[in-house]
Amino acid sequence: MAIVPEVAGKLAGTGIDVVVQSGAGAKAGFPDTAYEQAGASVVADAASALAGASVVARVQPPALHEVDQLPDGVSLVSFLQPVASSEVVKALADKGATVYSLDLLPRISRAQSMDALSSQATVSGYRAGLSAAEHLHKFFPMFMTAAGTVPPAKVLVMGAGVAGLQAIATARRLGAVVRAYDVRAAAKEEVQSLGATFVELALETQDGAGGYAKEQSAEYLAKQQELLAAEVASADVVITTAQIPGRQAPVLVTEAMVEGMSEGAVVIDLAADSGGNCELTMAGEDVVAHGVTVVGLTNPPASMPTHASFLYARNIANFLALVVKDGELAPDFDDEIVAGTCVVRAGTVVHPAAAEALGLPTPGPVGPPPVAEPTVEEPGESTDESKGAAS
Ligand code: NAD
């Protein structure tokens, strides 16, 4: 859910009326009554929720038929992945909408409270740690019993960004011995602060802009695979989280490396939604090959909807506080955060890569978006389960 009851109550206090589609929060643990008690209006269907809305807050991009239902000139706040969703971006532009995509949020200190990628990556990393423990047919902690001593599980985490660090922390809390690797040199200290060992390879580090990794060449990845093979072979569990924003995930674990792992070992691939870090990954499936289970976790936050929504709703509310002043929509397009997240401004596609994907020239500045009474709507999510909406 993009808005949870507690946040609906807080928004009401800032002059923003929240309207929710009946039942939208039920599967995330937020019944209609909780919204009503918080001061939100609960209406029967999506069409009634959307009628007259000036802002629509969502988790996933709308489907094309859902764009049709949006009021003209509406503002939309959501995860959008604008390049992958270019048809939807075009339809939203045709509606004269103003669209903010939280996956484009600049990673600056002032934006941290709105950083939905980070909040959801925290959920994903935690899920990855739990999923690993569930799939492994061994204990995570060391046990010293009268019947003998059980050694702790050996977990290797590849990619130590927000999700990877949470996976490390979760595996450590469960008692595993954890090693971790990342191409960014800055990750070393963070890994060590969680009590894990940082794996150093005889390879140059790759720090890109904004704390992200740079895309690596095929030669670099081949060398990396060669150097990581022994690490992978000795691990009971490999959790992979490596991503390059806007690109296919790099392959870190080849089939040959899986073959080198012990019988019963587990690979949890958190990059399954963007192609996978393991050659054998199938998104949403558990593949058993060479005695190893390769789990392609898709949209992990959807499997922990209460707290995923709790965090996401706060991100949304903090973003709204930036674009709503005294109960009126008043986005400042000179603000780095507003400009950075804006994909469509009053019907004009302003995000360069989204414009390019649509064959449009990158536009210059346009007039301010339409201003109306701010009403935040949560119309519920598409019935398409694969979209994994928190609602
Ligand atoms: P991400 O999800 O894009 O990638 C996950 C990790 O994969 C990254 O740490 C990346 O370095 C790593 N990776 C990429 N290619 C790899 C490869 N071939 N081998 C091994 N690892 C590889 O990244 P993320 O978790 O969203 O963020 C990365 C970093 O950005 C964070 O750790 C943090 O330092 C920074 N950050 C800053 C802010 C802020 O300042 N507001 C907010 C969030 C994150």
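The values are calculated or read from the model by the stated rules, or taken from the named source; none is laboratory data. These numbers were taken from a predicted model, which means no experiment stands behind them. Neighbour counts are summed over all protein chains in view; Cβ atoms, including those assigned to glycine, are modelled from backbone coordinates with ideal geometry.
For the stretch 104-137, which positions are more than 10 Å from the ligand (Cβ to nearest atom) and free of Cβ contacts under 8 Å to residues at least 40 places away in the same chain? Within the stretch 104-137, just 134 meets the criteria. Candidates 201, 156: the one that is within 29 Å of residue 103 (Cβ to Cβ) and either within 12 Å of the ligand (Cβ to nearest atom) or among the β-branched types (Val, Ile, Thr) (or both) is 156. The one condition from (1) without any contact (Cβ under 8 Å) to a residue 12 or more places away in the chain; (2) in a loop (DSSP other than H, G, I, E, B) that residue 195 does not meet is (1).
I'd like to know if the stretch 278-299 contains one or more residues that are out of contact with any Lys or Arg (no Cβ under 6 Å at 6 or more places or on another chain), within 13 Å of the ligand (Cβ to nearest atom) and either at pLDDT 95 or above or more than 30 Å from residue 26 (Cα to Cα) (or both).
Within the stretch 278-299, one or more residues are out of contact with any Lys or Arg (no Cβ under 6 Å at 6 or more places or on another chain), within 13 Å of the ligand (Cβ to nearest atom) and either at pLDDT 95 or above or more than 30 Å from residue 26 (Cα to Cα) (or both).
Out of curiosity, is residue 311 within 14 Å of the chain's Cα centre (by Cα), under 21 Å from residue 76 (Cα atoms), within 16 Å of the ligand (Cβ to nearest atom) and not in a strand (DSSP E or B)? So residue 311 passes the test. Evaluating residue 147 against the criteria (1) more than 16 Å from the ligand (Cβ to nearest atom); (2) within 15 Å of residue 267 (Cβ to Cβ); (3) not aromatic (Phe, Trp, Tyr) leaves one unmet condition, (2). Of the numbered criteria (1) free of Cβ contacts under 8 Å to residues at least 60 places away in the same chain; (2) among the hydroxyl-bearing types (Ser, Thr, Tyr); (3) out of contact with any Gly (no Cβ under 9 Å at 6 or more places or on another chain), the one residue 35 fails is (3).
Scanning the stretch 184-193 for residues that are in contact with an Asp or Glu (Cβ under 8 Å, 6 or more places away or on another chain) and at pLDDT 95 or above gives 188, 191.
Using the structure shown, decide if residue 277 is within 21 Å of residue 135 (Cα to Cα), among the polar types (S, T, N, Q) and crowded, with 24+ Cβ neighbours inside 10 Å.
Here the answer is yes, as residue 277 does meet what is asked.
Take residue 186 and decide whether it is closer than 26 Å to residue 106 by Cα and within 12 Å of the ligand (Cβ to nearest atom). Judged against the criteria, residue 186 is a match. I'd like to verify a number: residues in the stretch 159-183 that are more than 6 Å from the ligand (Cβ to nearest atom) and either of a type in the set (D, E, K, R) or at pLDDT below 95 (or both), how many? Result for the stretch 159-183: 3. Residue check: residue 57 meets all listed conditions (1) small (Gly, Ala, Ser); (2) over 27 Å from residue 162 (Cα atoms); (3) surrounded by 23 or more Cβ atoms within 10 Å (Cβ to Cβ) but one, namely (2). Of the candidates 121, 133, 185, the single residue that is in a loop (DSSP other than H, G, I, E, B) and not charged (D, E, K, R) is 185. Residue by residue through the stretch 171-182, note down the ones that are surrounded by fewer than 24 Cβ atoms within 10 Å (Cβ to Cβ) and part of a helix (DSSP H, G or I). Passing the criteria: 172, 173.
Of the residues making up the stretch 78-114, just one is in contact with a helix residue (DSSP H, G or I) (Cβ under 6 Å, 6 or more places away or on another chain), polar (S, T, N, Q) and surrounded by fewer than 17 Cβ atoms within 10 Å (Cβ to Cβ), namely 113. Here are 196, 218, 230, 202: which of them is in contact with a strand residue (DSSP E or B) (Cβ under 7 Å, 6 or more places away or on another chain) and either modelled with pLDDT under 95 or not β-branched (Val, Ile, Thr) (or both)? Result: 196 is the single residue among 196, 218, 230, 202 that is in contact with a strand residue (DSSP E or B) (Cβ under 7 Å, 6 or more places away or on another chain) and either modelled with pLDDT under 95 or not β-branched (Val, Ile, Thr) (or both). Checking the structure you have, find out if any residue of the stretch 256-263 is in contact with a His (Cβ under 6 Å, 6 or more places away or on another chain) and away from the ligand (no atom under 14 Å from the Cβ). Within the stretch 256-263 (the criterion being in contact with a His (Cβ under 6 Å, 6 or more places away or on another chain) and away from the ligand (no atom under 14 Å from the Cβ)), the answer is yes, since at least one residue qualifies.
Among the residues of the stretch 233-253, write down those that are hydroxyl-bearing (Ser, Thr, Tyr) and within 13 Å of the ligand (Cβ to nearest atom).
240, 241
For the stretch 213-233, indicate whether the set of residues that are of a type in the set (Phe, Trp, Tyr) and surrounded by fewer than 18 Cβ atoms within 10 Å (Cβ to Cβ) is non-empty.
The answer is yes; a qualifying residue exists.
Report yes if some residue within the stretch 5-14 is among the charged types (D, E, K, R) and under 18 Å from residue 315 (Cα atoms); otherwise report no.
Yes, the conditions are met somewhere in the stretch 5-14.
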